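The values are calculated or read from the model by the stated rules, or taken from the named source; none is laboratory data. Just so it is clear, the structure is predicted and the values come from calculations on it, not from any experiment. Neighbour counts run over all protein chains shown; Cβ positions are idealised from the backbone, glycine included.
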Amino acid sequence: MVTDFVTYLSFDGKCEEAFKHYEKVFRGKILMMMRHSDAPKDSGVPQNPETANRIMHARLEAGGRLLMGSDAPNRGSSKPQGFCVSVGVDKPAEAERIFKELSEGGTVMMPIAETFWAQRFGMVTDRFGTPWMVNCEKQSA
């Protein structure tokens, strides 16, 4: 039985920077950030100067939800395709704040605005290459 789905993001050396940014944007807390150099010597994780500071695993909690990620092994990161990370919030002002912060240095695909289903909705690819949808749904009658 499936108990949860968690988004896992892949970066090419920018995981630490991205997660510190997301920690501020989502007012969350980084629960774990492990580098390749933190792995035990006999773990099979490559131990070399090129990968030592790359993030092997990061976990962020915000609003009771998790976001996880890492730097792709062997500099094998690829551009995200076919998905967006969807963020739901309950207040339009919070949607606007999050969208603005994710947009800094990124590319706005759809400016945040009211739609027929949402008080605010917008789409952006942030400066780390992660595509986001920010949604503050309208209250049902």
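Side notes on the structure shown:
- Residues in segment 22-54 that are in contact with a helix residue (DSSP H, G or I) (Cβ under 6 Å, 6 or more places away or on another chain) and either among the basic types (Lys, Arg) or at pLDDT 95 or above (or both): Val25, Ile30, Arg54.
- Residue count for segment 89-104, restricted to those that are in a helix (DSSP H, G or I) and β-branched (Val, Ile, Thr): 1
- Failed criterion for Thr115 (all others in (1) surrounded by 14 or more Cβ atoms within 10 Å (Cβ to Cβ); (2) outside the structural domain of Leu9 (by TED's automatic domain parsing); (3) under 20 Å from Phe26 (Cα atoms) hold): (3)
- Each residue in segment 105-120 was checked for being of a type in the set (A, V, I, L, M, F, W, C) and either under 21 Å from Phe11 (Cα atoms) or touching a residue at least 24 places away in the same chain (Cβ under 8 Å) (or both), and 2 of them qualify.
- Among residues of segment 29-71, those that are over 17 Å from Val6 (Cα atoms), of a type outside the set (Asp, Glu) and not in a helix (DSSP H, G or I), counted: 17
- Among the residues of segment 81-102, those that are within 13 Å of the chain's Cα centre (by Cα) and either hydroxyl-bearing (Ser, Thr, Tyr) or loosely packed, with under 13 Cβ neighbours inside 10 Å (or both) comprise Phe83, Ser86.
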